[in-house]
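Trainee: The structure under discussion is supplied below as structure tokens; questions concerning it will follow.
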Amino acid sequence: MSFRKPSRLTLPSGVVIRESDSRDASDIASLFSREYGGDATTLEPLIEQELKRASMGLIQRKVYVAERGDQIIGYGRSGRLDRQAIKGSRGLDPGWYLLGLVVHSKERRCGIGHALTAFRLKKMRKLSPIVYYFAAHDNAATIALHESFGFQLVETDFHHPNPIFKDGEGLLFRKTGG
């Protein structure tokens, strides 16, 4: 799958990207549940807790949402994974990571995922010259998107003990520099 990188950051009409807060937990949980399954009522308190812990500085994490009007149509997470967070993993180093990107299925291929990724990278550029992200082997769309930003594959034997991927295995990518 090829991904054509827009020549400049443009969003569909009426779409705004902003930093999320705990009031967005329900909408984020509903979007994730709608796109990937799972129970939104189970996910909501976990998301709310992550957002609250991040706002208090207990974890180095940010969530940005894309919204049209009052509806969240996408979100992207980023944060620092320390040695404790990667305990039990294989092929994973401590550092700053893009931690997930979800766009409503009806809003895909419109530049929202690209804009959320560009926004997160811009914010992270101030924190580290190296940014990582991981993806499932079969997620061609996200791999192409991130390659358009200069991410390069660095690890094919990557494993994280949490159920991030169906088979527990994934690919690790790194971007160096601005």
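The values are calculated or read from the model by the stated rules, or taken from the named source; none is laboratory data. Since the structure is predicted, the reported quantities are computational estimates derived from the model, not experimental observations. In this analysis, Cβ positions are derived from the backbone assuming ideal geometry, glycine residues included, and neighbour counts consider all displayed protein chains.
Trainee: Within the stretch 17-58, which residues are in contact (Cβ under 8 Å) with a residue 40 or more places away in the chain and outside any helix (DSSP H, G or I)?
Mentor: Those that are in contact (Cβ under 8 Å) with a residue 40 or more places away in the chain and outside any helix (DSSP H, G or I): I17, R18, E19, S20.
Trainee: May I ask you to list the residues in the stretch 63-101 that are surrounded by 20 or more Cβ atoms within 10 Å (Cβ to Cβ) and in contact (Cβ under 8 Å) with a residue 60 or more places away in the chain?
Mentor: Correct list: L92 only.
Trainee: Would you mention how many residues in the stretch 67-87 are within 16 Å of the chain's Cα centre (by Cα) and among the acidic types (D, E)?
Mentor: 1
Trainee: Kindly provide the set of residues from the stretch 88-109 that are more than 14 Å from the chain's Cα centre (by Cα) and either under 16 Å from L172 (Cα atoms) or part of a helix (DSSP H, G or I) (or both), ordered by number.
Mentor: Matches in the stretch 88-109: G88, S89, R90, G91, L92, D93, P94, G95, S105, K106, E107.
Trainee: A further question follows. Inspect the stretch 37-56 for any residue being under 22 Å from T117 (Cα atoms), of a type in the set (G, A, S) and surrounded by 17 or more Cβ atoms within 10 Å (Cβ to Cβ) and give the result as yes or no.
Mentor: yes
Trainee: In the stretch 110-144, what count of residues is obtained for those that are at pLDDT 85 or above and either assigned to a helix (DSSP H, G or I) or touching a helix residue (DSSP H, G or I) at 6+ places or on another chain (Cβ under 9 Å) (or both)?
Mentor: 22
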